[in-house]
Amino acid sequence: MKANEEKRKITILGMGPTAYERRINIEEYVSGTEVWGLNNGYLSFPQLHGKWARFFELHKWSYLQTWDAGQGKDHFQELNALGCPVYVTEPIPLVLNQCRVNWVDVIRHHSCNYFLGSPSLMLMLALYEHDNGQEIEEIRSWGIDTSDPSHGQQRASWAFWIAQAKARGIEITGTALDFFTEYENDDGLRGLREGIGDHIVHQLNQQET
């Protein structure tokens with residue numbers, strides 16, 4: 001990256017509750033960032049048409065042939081009309097501006113072949129680019145909540161790659177870290193995290209005074 005070049009800010013925008021509840025004024029929450037969408041997110045945020053930096057359709061073609069995007073839409077025509085590069089794992093029809101990701105290179109770079117769900121793959125690619133000169137200052141996300149039964153399995157993978165981003169000094173914002181506040185079910189550890197946090201805050205307050 002050149003000395004006078006600004007670091008990138010990226011929003012990974014999913015369709016979970018924390019994005020859905022902001023859908024009316026979603027533009028305010030993604031302002032100043034490259035907005036990366038996925039799957040059929042164009043249905044949830046029609047006001048972002050023409051404003052996506054990238055869109056991701058990483059599912060296999062064999063799966064997509066029978067998948068219903070919803071609202072009677074032709075998924076491939078909708079992707080083609082987005083006006084941004086569409087990142088794919090396999091070539092898909094109709095989409096003229098598609099970029100096929102070489103996941104072998106990405107995995108080799110990270111020395112880690114672990115991912116569950118498209119959002120983790122998007123994070124992996126972002127960090128791959130960061131490490132190769134396209135430096136990132138902030139990764140923001142809304143709607144990657146991994147809170148429903150269909151996506152709950154993806155939580156560990158999302159948390160792992162978020163940790164990799166934090167280790168690189170990338171600021172994590174939005175609701176990407178909401179899982180940090182989950183309730184402790186182990187009776188023997190309940191309250192320990194909060195107690196440690198309170199102690200740290202108390203020490204900081206003493207230092208300031």
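The values are calculated or read from the model by the stated rules, or taken from the named source; none is laboratory data. All of these numbers come straight from a predicted model, not from anything done at the bench. Here the Cβ is made from the backbone with ideal geometry for all residues, glycine too, and neighbour counts use every protein chain on show.
Determine if the stretch 55-66 includes at least one residue that is under 20 Å from residue 175 (Cβ atoms) and touching a strand residue (DSSP E or B) at 6+ places or on another chain (Cβ under 6 Å). Explain how you work it out, then say what you get.
Of the stretch 55-66, the ones under 20 Å from residue 175 (Cβ atoms) are 56.
Those still in the list that are touching a strand residue (DSSP E or B) at 6+ places or on another chain (Cβ under 6 Å) too: 56.
Scanning the stretch 55-66 turns up at least one residue that is under 20 Å from residue 175 (Cβ atoms) and touching a strand residue (DSSP E or B) at 6+ places or on another chain (Cβ under 6 Å).
Of the residues examined, residue 177 is one that is surrounded by 10 or more Cβ atoms within 10 Å (Cβ to Cβ), under 17 Å from the mean Cα position of the chain (by Cα) and either of a type outside the set (Gly, Ala, Ser) or more than 22 Å from residue 36 (Cβ to Cβ) (or both).
How many of the residues making up the stretch 147-195 are touching a Pro at 6+ places or on another chain (Cβ under 8 Å) and outside any loop (DSSP other than H, G, I, E, B)?
2
Against the test of being touching a helix residue (DSSP H, G or I) at 6+ places or on another chain (Cβ under 6 Å) and not hydrophobic (A, V, I, L, M, F, W, C), the options 118, 111, 157, 150 yield a single qualifying residue, 157. For the stretch 180-189, the set of residues classified as more than 27 Å from residue 140 (Cβ to Cβ), under 30 Å from the mean Cα position of the chain (by Cα) and not acidic (Asp, Glu) consists of 185 only.
In the set (1) more than 21 Å from residue 11 (Cα to Cα); (2) modelled with pLDDT of 95 or more; (3) not acidic (Asp, Glu), the condition left unmet by residue 98 is number (1).
Scanning the stretch 23-38 for residues that are more than 16 Å from the chain's Cα centre (by Cα) and of a type in the set (D, E, K, R) gives 23, 27, 28. Out of 82, 96, 125, one residue alone is aliphatic (A, V, I, L, M) and in contact with a His (Cβ under 9 Å, 6 or more places away or on another chain). It is 82.
Within the option set 52, 61, 67, being without any contact (Cβ under 8 Å) to a residue 40 or more places away in the chain and crowded, with 19+ Cβ neighbours inside 10 Å holds for one residue only, 52. Of the residues screened, residue 161 is not one that is buried (at least 16 other Cβ atoms within 10 Å of the Cβ) and free of Cβ contacts under 8 Å to residues at least 24 places away in the same chain. For the stretch 89-112, check the following and say yes or no: at least one residue is crowded, with 17+ Cβ neighbours inside 10 Å and at positive phi. No, the stretch 89-112 contains no residue that is crowded, with 17+ Cβ neighbours inside 10 Å and at positive phi.
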